[in-house]
């Protein structure tokens with residue numbers, strides 16, 4: 001057997017609805033070529049059906065899989081304090097450290113959220129327990145396209161978030177993907193706000209899109225007077 005290695009990636013950093021999911025996949029290094037044979041790659045390049053099928057195969061290959069989910073309120077709490085990207089990066093680094101601490105790999109590759117991958121690596125390492133301070137940690141942009149172990153984590157994170165979004169659809173109706181570029185998502189937010197005093201807990205209230213919606217609603221009401 002080779003050394004234990006892990007890949008860590010996120011899904012749902014940008015949406016206005018739903019959780020931000022971080023997944024870590026732990027494997028024996030000698031098993032990684034099997035991921036390539038399966039066709040594992042960045043989850044964004046795969047269909048939902050392919051992701052789901054690959055997720056089941058990854059589960060069988062992995063020694064362990066670990067998740068952290070950040071709720072909209074947890075995200076809002078840090079983003080509303082200012083310097084949105086820096087705060088969100090730090091929150092995500094702390095969550096990735098929790099995943100890594102749970103997996104305890106000899107080496108780990110992460111998809112860097114920070115514009116400076118080295119800084120992101122330091123932020124994660126600072127949050128690791130003393131027993132893991134010497135873990136080899138490689139932080140790179142687009143690691144999910146470069147390293148199969150990170151691609152596997154990317155798939156697991158996306159499938160986990162897709163499952164969470166599916167459950168929320170059952171509770172709130174079809175609001176689409178939750179991304180601000182999705183017309184269904186924007187329609188849901190506008191319609192909800194027309195009949196409710198505030199947005200539901202599944203919405204990230206620190207996203208500037210809501211300010212734009214509020215402005216549109218005010219202008220719409222004024223034009224009706």
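The values are calculated or read from the model by the stated rules, or taken from the named source; none is laboratory data. Source: prediction; values computed, not measured. Quick reminder, even Gly has a Cβ in these numbers, built from the backbone with ideal geometry, and neighbours come from all protein chains shown.
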- prompt: Which condition number in (1) within 16 Å of the chain's Cα centre (by Cα); (2) at negative phi; (3) assigned to a loop (DSSP other than H, G, I, E, B) is the one that residue 157 fails?
  reply: (3)
message: Give me the residue from the range 1-30 that is modelled with pLDDT of 95 or more and over 18 Å from the mean Cα position of the chain (by Cα) and, out of that set, surrounded by the fewest Cβ atoms within 10 Å (Cβ to Cβ).
response: 30
query: residue 183 versus (1) surrounded by 17 or more Cβ atoms within 10 Å (Cβ to Cβ); (2) outside the structural domain of residue 42 (by TED's automatic domain parsing); (3) out of contact with any helix residue (DSSP H, G or I) (no Cβ under 8 Å at 6 or more places or on another chain): which is the lone unmet condition?
result: (1)
- prompt: How many of the residues making up the range 186-216 are under 21 Å from the mean Cα position of the chain (by Cα) and either outside any helix (DSSP H, G or I) or surrounded by fewer than 10 Cβ atoms within 10 Å (Cβ to Cβ) (or both)?
  reply: 9
message: Can you tell me which of (1) surrounded by 15 or more Cβ atoms within 10 Å (Cβ to Cβ); (2) modelled with pLDDT of 95 or more; (3) touching a helix residue (DSSP H, G or I) at 6+ places or on another chain (Cβ under 9 Å) is the one residue 114 doesn't meet?
response: (2)
query: Restricting the search to the range 98-118, which residues are on the phi < 0 side of the Ramachandran plot and over 19 Å from the mean Cα position of the chain (by Cα)?
result: 105, 106, 107, 118
